[in-house]
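Encoded as structure tokens, here's the structure I'll be asking about.
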Amino acid sequence: MKATIIGGGIIGLSAAYYLNEEGWEVTLLEKGDLTDNCSFGNMGYLSPSHFVPLAAPGIIGKGLLWMFHSKSPFYVRPLPRYELIDWGIRFFRASNRRHVARSIRPMADLLMLSRQLTAEWTTHEAFDFEFTGNGCVMYFQTPQAEKEELENAHTAETLGQKVEILGREQAQALEPELRPDVRGGVWFKDDAHLDPNKLMQQMPALLELRGVNIIRNAEVTGFQRQNGAIGAVRYVITDQYAEQRVAESDLVVLAAGSWSPQLARMAGEYLPLMPGKGYSMTVDTPRQRLRYPCILVEAKVALTPWAQRLRIGSTMEIGPVNDRILFPRVQGILEAVPRFLPGFLDDPAFRELADYDKLRAQMRKKVWFGFRPVSADGLPYIGFAKKTKNLMIATGHAMLGVSMAAGTGKLVSELAGGKTPGIDASAFSPGRY
Ligand SMILES: Cc1cc2nc3c(=O)[nH]c(=O)nc-3n(C[C@H](O)[C@H](O)[C@H](O)COP(=O)(O)OP(=O)(O)OC[C@H]3O[C@@H](n4cnc5c(N)ncnc54)[C@H](O)[C@@H]3O)c2cc1C
């Protein structure tokens, strides 16, 4: 049986991994050359702690406040476009307690499954992507953020996750670089992190070794339909535009991240999803100042320490795909770091990065950005499409694509094979609208 996967991000690659394991003849079509996409420059967190969907009470109010602050971590580009308005209405409707209550269990199950499967990947010789299971700490400075984080911590405990609440002194002992006015933190001990750039280089190499046919620079342009299904996927090799090619398929997996709605439309499907741009910056650090990955809660800034490198990232700009870098937001990310971790101001690598004149001049080189595929209710779309029998959708993971990749790939292979999935996947059905 032949499967064609559209998109070589972490979701497409993970689907290829598990379909190949189940004996499918897999072709993966990627319009780029697999050296960059949203799955590369992200923070590399595996976050079972992030079981609350993005669409939750309070987000709309916070989002509106942030909209008017040029350095804030959230922005919606107001455009008179149907897809944005429709996405916004659905997001607004989903941001309620009932939606959160029924989403927490399926989100947590998928996140925990993925964490476990990603840990299993590390046992392959082909992989060495700095998987580290030492958790992630949420640090807060205000009573309001503390209250929200503690609520989250208690829910995590009821879900069976390992959590430690840190007071001011305990937080300071864990991470001596912290400012004394940081009120405390919540250490989610089941969280883990990896180096996504390494995973994204190593995974295609392993898949090709196992016989997956990865075609780079192959842009999907349409589908040949027959009897309510897709018979073949049409694509062009982007540097040879004249030549149309087809991949005959029994199963098509749409894993094209932020570009998925356009491709779904070509197949006659509707997928409410918007790109959510985020930035990151990475520096080489001979001396690592940070012991644990952490999120600076009020600033929504994340920091990931690897053996030799440190990555700082944040922001969610909802709007169409474009290559504009909003410099005040980049500056906002860097300014937040010493507000929690003042020792960074003595760090030569950080000081060099936070030299804003230099950074502005070298923005394209130093600032990475990627487009998170953000679904309209904060849950990913995983499962068969509404109208097209053999079209499987696997996208919409927003800020949790790495965290949910392995579990998503596993679900795709189980559903494709007609098996009952190991976890209940009904909440992720693309037909839920
Ligand atoms: C700053 C930032 C930090 C983040 N941190 C984390 C984190 O710590 N943990 C976490 O879990 N997630 C994180 N994320 C989110 C995560 O990066 C994404 O959810 C994930 O990368 C999405 O993967 P994907 O495979 O769906 O999409 P992508 O990685 O975008 O891959 C989609 C691919 O489809 C290809 N494609 C599109 N159209 C076509 C076509 N017509 N034909 C062929 N190919 C096509 C694209 O070229 C692309 O390569 C972060 C994101 C950002 C921006």
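What follows draws every value from the coordinates through simple rules; no lab data is involved. None of the values given here were measured: they were computed from a predicted structure. Don't worry about glycine lacking a Cβ; one is built from the backbone with ideal geometry, like all the others, and counts go over all protein chains shown.
Per residue of the chain, what 222 nm ellipticity follows from adding -39500 (n - 2.57) for every DSSP H run with n ≥ 4, rounded to the nearest 500?
For the chain, the value works out to -10500 deg cm²/dmol.
Give, in nm to one decimal, the length gained when the segment between residue 169 and residue 33 is fully stretched (0.36 nm per residue of separation minus the Cα-Cα distance).
Length gained, residue 169 through residue 33: 44.2 nm.
If r is the Cβ-Cβ distance from residue 270 to residue 70 and R0 is 25 Å, what FRET efficiency results, to the nearest 0.05?
Efficiency, rounded to the nearest 0.05: 0.15.
Follow-up. Please arrange 389, 189, 365 by how many other C-beta atoms lie within 10 Å of their C-beta, fewest to most.
Placing the least packed residue first, the sequence is 365, 389, 189.
When DSSP assigns beta bridges and you keep just the ones with both residues in the chain, what percent turn out antiparallel, to the nearest 5?
Roughly 70 percent of the beta bridges in the chain run antiparallel, per DSSP.
Which three extents, in whole angstrom, do the alpha-carbon atoms of segment 1-140 cover along their principal axes, largest first?
Over segment 1-140, Cα extents along the principal axes are 48, 37, 32 Å.
How high is the FRET efficiency from residue 134 to residue 250, r the C-beta distance, R0 45 Å, rounded to 0.05?
Calculated transfer efficiency: 0.60.
Okay, moving on. When only C-alpha pairs under 8 Å and at least 6 residues apart count, what is the relative contact order of the chain, in percent?
26 percent
What does the convex hull of the alpha-carbon atoms of segment 87-200 project to on average, in nm²?
Computing the convex hull of the Cα atoms and averaging its projections yields 9.6 nm².
If you plug each phi of segment 271-285 into the Karplus form 6.51 cos²θ - 1.76 cosθ + 1.60 with θ = phi - 60°, what whole-Hz ³J(HN,Hα) values come out, in order, with x for Gly and Pro?
Ordered by residue, 3J(HN,Hα) equals 10, x, 7, 10, x, x, 6, x, 10, 8, 9, 10, 10, 7, 10 Hz.
Still on this structure: Any idea what diffusion coefficient segment 204-280 gets from Stokes-Einstein, in µm²/s, Kirkwood Rh on alpha carbon pairs, 37 °C, 0.692 mPa s?
230 µm²/s
Report the gain in length on full extension from residue 181 to residue 262: 0.36 nm times residue separation, minus Cα-Cα distance, nm rounded to one decimal.
In short, 24.4 nm is gained.
While we're looking at this one, here's another question. Compute the distance from the alpha-carbon center of segment 200-258 to that of segment 290-362, in whole Å.
The distance from the Cα centre of segment 200-258 to that of segment 290-362 comes to 36 Å.
Check every DSSP H run in the chain and write down those whose alpha carbon atoms cover 30 angstrom or more along the long axis and whose mean Kyte-Doolittle hydropathy is -0.5 or greater.
For the chain, where a helix must reach 30 Å along its axis and average at least -0.5, the hits are 97-121.
Could you work out the percent of alpha carbon pairs in segment 248-378 separated by over 22 Å, rounded to a whole number?
More than 22 Å apart: 46 percent of the Cα pairs in segment 248-378.
Give me D for segment 348-433 in µm² s⁻¹, whole number, from Stokes-Einstein with Rh from the Kirkwood sum over alpha-carbon pairs, 25 °C and 0.890 mPa s.
This corresponds to a translational diffusion coefficient of 159 µm²/s.
Can you tell me which of 356, 381, 45 moves the most in a GNM of the chain? Springs connect C-alpha atoms under 10 Å apart.
356
Turning to a different aspect of this structure: Working out 0.36 nm times the residue gap between residue 224 and residue 60, then minus their Cα-Cα distance, what length gain in nm do you get to one decimal?
Between residue 224 and residue 60, full extension yields an extra 55.0 nm.
Ok, one more. Roughly how many nanometres apart are two label points built 7 Å out from the Cα toward the Cβ at residue 120 and residue 96?
Label at residue 120, label at residue 96, 3.9 nm between them.
At a 10 angstrom cut-off on C-beta neighbours, averaged per residue, how do the peptides 253-259, 424-430 rank from highest to lowest?
Top to bottom by mean Cβ count within 10 Å: 253-259, 424-430.
Test of understanding: in a Gaussian network model of the chain with alpha carbons linked when under 10 Å, which of 379, 334, 345 would top the mean-square fluctuation ranking?
So, out of 379, 334, 345, the one fluctuating most is 345.
Next question, about the same structure. Please work out the ratio of the alpha-carbon Rg of the chain to 2.2 N^0.38 Å and round it to two decimals.
0.95
In what sequence do 304, 395, 123, 35 fall when counting other Cβ within 10 Å, fewest first?
Sorted ascending by nearby Cβ count, the order is 123, 35, 304, 395.
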